[in-house]
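Working notes for the structure below.
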Amino acid sequence: MSADFRIFKRPSMLMGMPRPPLPSLLALVVALATPALAQEMHPYRPGIDVLDYALVIDLPDTGSFIRGDATLTVKRIARVDSLVLDLRKLTVQRVTLDDRTRRFVRTDSTIAIRLPRGDTGHFRVRILYSGRVTDGLIARRDSAKRWTYFGDNWPNRARFWIPSVDHPSDKATVTWTVRGPRGRLVIANGTLVETRTTGRGRRARTTTRWREARPIPPYLMVIGAGPLTKVDLGETACGLSSMRRCVNQSVYVFPEVKKNMPGNFAKAGDIVRFFASKVGPFPYEKLAHVQSATRYGGMENATAIFYADNLFKRNTLGEGIIAHETAHQWFGDAVTEREWPHVWLSEGFATYFGALWTQQAHGDSAFKAEMSRIRTEILGDTTAPVTRPVIDTITTELLELLNTNSYQKGGFVLHMLRSELGDTLFFSAVRDYYRNHEHSTALTADLQQAFETAAGRNLGTYFDQWLRRPGYPEVEVTWSDSALTSLSIGVTQSQRFGYFEFPLKMSLVAPNGDVRRVQISVPAQADTRVLLPVTGSVERIDIDPDIQLLARITVRKL
Ligand SMILES: [Zn+2]
């Protein structure tokens with residue numbers, strides 16, 4: 001695949017900065033000793049479930065001053081006496097609860113609103129606010145000096161412009177009503193409901209309304225507004241959409257690059273069709289691909305994927321990034337990680353399904369090359385993630401979760417499961433997991449359960465060693481065929497990350513080129529020795545010829 005692989009949801013502002021220091025040995029010991037912690041996180045806002053956001057945003061002709069009018073439909077599910085919403089910096093003018101003005105307590109980052117006594121009930125909370133946005137909604141002039149506005153919320157920057165329960169555990173539907181000067185096209189989540197222009201001349205204002213009818217987390221709730229032009233990709237994946245017959249896809253770009261379209265987006269239809277056939281029908285109303293101001297290479301906002309501006313300007317947008325972000329519509333968007341330490345359920349899946357698209361479109365050797373590259377990136381990473389498990393309950397800086405653990409290692413863990421269970425069981429488990437959590441949230445234990453049901457056996461050791469412990473096996477394989485009737489193979493594991501159990505596949509290559517495949521089960525111990533019966537001599541052995549094991553392996557003939 002392409003070099004785009006490295007830039008999916010990677011904060012460009014962190015590139016080139018010094019690597020963070022390795023955590024202390026103590027932190028590593030704690031991480032090893034408390035695997036159960038991952039399942040015991042506290043709810044973000046206990047007792048509160050936001051069901052719907054109706055967001056009205058007034059964009060200025062120039063500059064970053066916005067006016068907001070947000071109505072949240074909130075359900076109370078336990079005894080709490082106040083509603084705390086995230087909203088940073090902006091000025092709150094007024095709050096109403098079921099149409100009555102309410103007093104509220106404002107801090108720099110939250111609004112607290114008193115609720116009537118009780119432990120149930122639905123409330124309609126309206127917040128009128130305004131101010132200069134400093135993050136979340138990126139207001140800036142493009143190179144042609146035109147003002148543009150793009151939401152870029154991951155991981156918790158929705159709170160810079162949307163009063164919200166800003167956490168992936170609380171998903172909600174959203175209606176966007178965006179007002180701005182005529183001529184500025186507005187794209188957002190869901191279906192286009194209406195576009196209406198009032199006034200004349202320079203004072204003409206256009207109101208655009210979009211409605212996302214499926215619940216999504218705040219980090220995916222976005223608008224894009226600017227001198228965008230739409231390139232229709234037509235109806236795709238017909239019969240494989242959950243909301244209509246087909247999936248309508250389009251590209252929104254600045255006029256200067258329209259001549260390069262559709263480029264690799266010509267494959268967007270096949271990509272959606274492929275994932276829908278493997279996982280389940282496309283979960284949303286439409287899919288737009290948008291040239292934007294996201295700080296990431298690509299950001300998987302539900303139904304409106306935002307890509308970095310420069311990929312369009314340099315015309316370097318590869319199909320790998322399209323496949324990755326499209327896979328997120330199922331994994332991350334429709335099934336959302338309930339807690340941040342489980343973000344691999346989003347990024348590991350998108351990484352692996354990007355590789356599966358490579359296999360589908362370019363064949364087995366391209367797929368093997370991609371898995372080999374992914375493995376090399378894991379083994380080559382000497383930064384902090386190597387000392388931490390994929391399910392990382394220690395890291396509090398969320399941007400640091402965009403690392404080789406969440407992406408490459410998460411993807412390779414899925415690859416090893418597929419190699420071990422076979423395609424039928426693997427995709428059956430993925431489909432069950434997806435169907436059971438679509439438009440909801442999940443933790444790693446939910447995925448484990450789906451795989452255990454499909455496989456008919458306990459996979460606790462597998463999930464623990466690959467996801468709840470750091471690292472990977474470091475293995476030296478030694479072999480000798482002094483007698484022509486047997487081959488002696490030794491497998492020695494280093495103690496660096498502890499011992500792993502895994503199947504070890506190898507090809508025995510005879511001097512005449514004949515190849516024989518064998519597999520041995522390596523238990524979680526320092527030394528394993530097996531004697532394989534052979535006929536004739538063996539010239540060389542190739543370990544893991546199909547790239548199905550995450551391990552650092554050296555081979556030595558005795
Ligand atoms: Zn991603």
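The values are calculated or read from the model by the stated rules, or taken from the named source; none is laboratory data. All values derive from a computational prediction rather than experimental measurement. Heads up, the Cβs are rebuilt from the backbone with ideal geometry, glycines too, and the neighbour counts pull from every protein chain shown. Ligands, DNA and RNA are excluded from the accessible area calculation, which covers all protein heavy atoms including side chains. Shrake-Rupley method; radii C 1.70, N 1.55, O 1.52, S 1.80 Å.
Can E285 be described as of a type in the set (D, E), in contact with an Asp or Glu (Cβ under 9 Å, 6 or more places away or on another chain), within 16 Å of the ligand (Cβ to nearest atom) and closer than 22 Å to I187 by Cβ? Spelling it out, it is not the case that E285 is of a type in the set (D, E), in contact with an Asp or Glu (Cβ under 9 Å, 6 or more places away or on another chain), within 16 Å of the ligand (Cβ to nearest atom) and closer than 22 Å to I187 by Cβ. Considering region 95-127 alone, what residues qualify as being part of a strand (DSSP E or B) and within 32 Å of the chain's Cα centre (by Cα)? Scanning region 95-127 gives T110, I111, A112, H122, F123, R124, V125, R126, I127.
Scanning region 384-417 for residues being touching a Gly at 6+ places or on another chain (Cβ under 7 Å) and at pLDDT below 95 gives a total of 1.
Listed by first and then second residue, the pairs with beta-carbon distance under 8 Å, at least 6 apart or on different chains, first residue in region 63-77 and buried (at least 19 other Cβ atoms within 10 Å of the Cβ), second modelled with pLDDT of 95 or more and polar (S, T, N, Q), are I66/S130; G68/S130; L72/S164; R76/T120. Of all residues in region 352-376, those being assigned to a helix (DSSP H, G or I) and either modelled with pLDDT under 95 or away from the ligand (no atom under 15 Å from the Cβ) (or both) number 17. Of the strands (runs of 3 or more DSSP E) entirely within region 434-508, those holding at least 2 residues that are open to solvent by 20 Å² or more (accessible area, probe 1.4 Å) and modelled with pLDDT under 95 occupy 486-493.
Picking from residues in region 256-265 that are open to solvent by 10 Å² or more (accessible area, probe 1.4 Å) and closer than 19 Å to A304 by Cβ, the one that is nearest to the chain's Cα centre (by Cα) is N264.
Only one entry in R295, R244, R273 is more than 29 Å from F412 (Cβ to Cβ) and open to solvent by 10 Å² or more (accessible area, probe 1.4 Å), namely R244.
Yes or no, residue by residue, for (1) more than 10 Å from the ligand (Cβ to nearest atom); (2) farther than 19 Å from R435 by Cα; (3) open to solvent by less than 10 Å² (accessible area, probe 1.4 Å); (4) in contact (Cβ under 8 Å) with a residue 60 or more places away in the chain:
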| site | (1), (2), (3), (4) |
| --- | --- |
| I321 | no, yes, yes, yes |
| H324 | no, yes, yes, yes |
| H328 | no, no, yes, no |
| V335 | yes, no, yes, yes |
| R338 | yes, no, no, yes |
| E347 | no, no, yes, yes |
| A350 | no, no, yes, yes |
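Residues that are of a type in the set (S, T, N, Q) and touching a residue at least 12 places away in the same chain (Cβ under 8 Å) within region 396-413 comprise N403, T404, N405, S406, Q408, listed in sequence order. Applying the condition of being farther than 22 Å from F353 by Cα and part of a loop (DSSP other than H, G, I, E, B) to region 393-408 and asking which residue is most open to solvent (accessible area, probe 1.4 Å) yields T396.
Set side by side, the residues L51, L87 differ, and just one is under 29 Å from the mean Cα position of the chain (by Cα), buried (at least 18 other Cβ atoms within 10 Å of the Cβ) and under 23 Å from P217 (Cα atoms), which is L87.
Total residues in region 184-220 satisfying the condition of being over 30 Å from H437 (Cα atoms) and surrounded by fewer than 19 Cβ atoms within 10 Å (Cβ to Cβ): the figure is 14.
Here R140 passes the criteria (1) open to solvent by less than 10 Å² (accessible area, probe 1.4 Å); (2) closer than 25 Å to G297 by Cα except the one numbered (1).
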